[in-house]
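First up is the structure itself, then whatever we jot down about it.
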Amino acid sequence: NAGVTQTPKFRILKIGQSMTLQCTQDMNHNYMYWYRQDPGMGLKLIYYSVGAGITDKGEVPNGYNVSRSTTEDFPLRLELAAPSQTSVYFCASRISQADYGYTFGSGTRLTVV
Amino acid sequence: GENVEQHPSTLSVQEGDSAVIKCTYSDSASNYFPWYKQELGKRPQLIIDIRSNVGEKKDQRIAVTLNKTAKHFSLHITETQPEDSAVYFCAASKTGGGNKLTFGTGTQLKVEL
């Protein structure tokens, strides 16, 4: 198993540009999550999904959108990039049972200039 | 929603000493408490977790304790080694609502020779 795969690893965007961060998992996990991690800070939840076709907002959803058309894929869309979205983005997945930890992807480092 | 506070933000110990990191949570319904280790530029990795029906769990040099009444849990690392140097995050979640993890702000542990 590859686990959770994120692409790209690095990206520089100009203000106002759009992009999609890709996340794919091959573990048949129903639950998937997007977090952002700002320097020296913890992880903040952006969006999550409990299964294909179901998504919900987390703590910091403004400026982002998600979709979940398949169990494997959970892309994160930035429509109008702003400097405040400069961060490291982590995708994660877990099995449905409540008391199990996440498997994280390797992250996407995004800079908006 | 859940709020997780973590202390200290930085911790420096001599090799061979013990390190203790403490977290408190606000939601009494939380029932799962993992700890993650994140090395510089890498993804968070689960190192140990504890469920609410257990007061203590140990895995070689690391242990976690949980006090449900006081709503706090702690990570203990004994016989610290230089490779233990990293940022450690605590987290909490409860059953339902996507089983989302809320993370603490992290502790930078430095093990000095």
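The values are calculated or read from the model by the stated rules, or taken from the named source; none is laboratory data. Computed from a prediction, not measured in an experiment: that's the story for all the values here. Glycine also receives a Cβ, built like all others from the backbone with ideal geometry; neighbour counts cover every protein chain displayed. The accessibility values were calculated without ligands, DNA or RNA, using every heavy atom of the protein model including side chains. Shrake-Rupley method; radii C 1.70, N 1.55, O 1.52, S 1.80 Å.
Among the listed pairs B:K42/B:K110; A:K14/B:K100; B:K22/B:K110; B:K58/B:K110, give every one whose C-alpha distance is greater than 24 Å.
A:K14/B:K100
Whenever you get a sec, compute what percent of the accessible area on chain B sits on carbon and sulfur atoms (1.4 Å probe).
47 percent
Starting from 0.36 nm per residue, how many nanometres of slack lie between A:K14 and A:S69 once their C-alpha separation is accounted for?
17.0 nm
Tally Lys/Arg at +1 and Asp/Glu at -1 over every other residue whose Cβ is under 15 Å from the Cβ of A:T7; what's the total?
Combined, the nearby Lys, Arg, Asp and Glu give +2.
Considering the Cα trace of the protein assembly as shown, what is its radius of gyration and what is Dmax, both in angstroms?
Rg then Dmax for the protein assembly as shown, in Å: 17.6, 52.
Calculate one ³J(HN,Hα) per residue across the range B:11-22 by plugging θ = phi - 60° into the Karplus curve 6.51 cos²θ - 1.76 cosθ + 1.60, and present them in order as whole Hz with x for glycine and proline.
For the range B:11-22, the Karplus curve yields 8, 10, 9, 7, 3, x, 6, 9, 10, 10, 10, 10 Hz.
Taking both sides together, what accessible area is buried at the B/A interface, probe 1.4 Å, expressed in Å² and rounded to the nearest 100?
1700 Å²
Using only alpha carbons, build the gyration tensor for chain A and give me the equivalent ellipsoid semi-axes, biggest first, whole Å.
The answer is 23, 14, 13 Å, longest axis first.
I'd like the carbon and sulfur percentage of the solvent accessible area for chain A, probe radius 1.4 Å, heavy atoms only, ligands and nucleic acids excluded.
About 51 percent, which is the carbon plus sulfur part of the accessible surface.
With a 1.4 Å probe and every protein chain left in place, work out the accessible area per residue of chain B in Å², rounded to a whole number.
Per-residue accessible area for chain B comes out at 49 Å².
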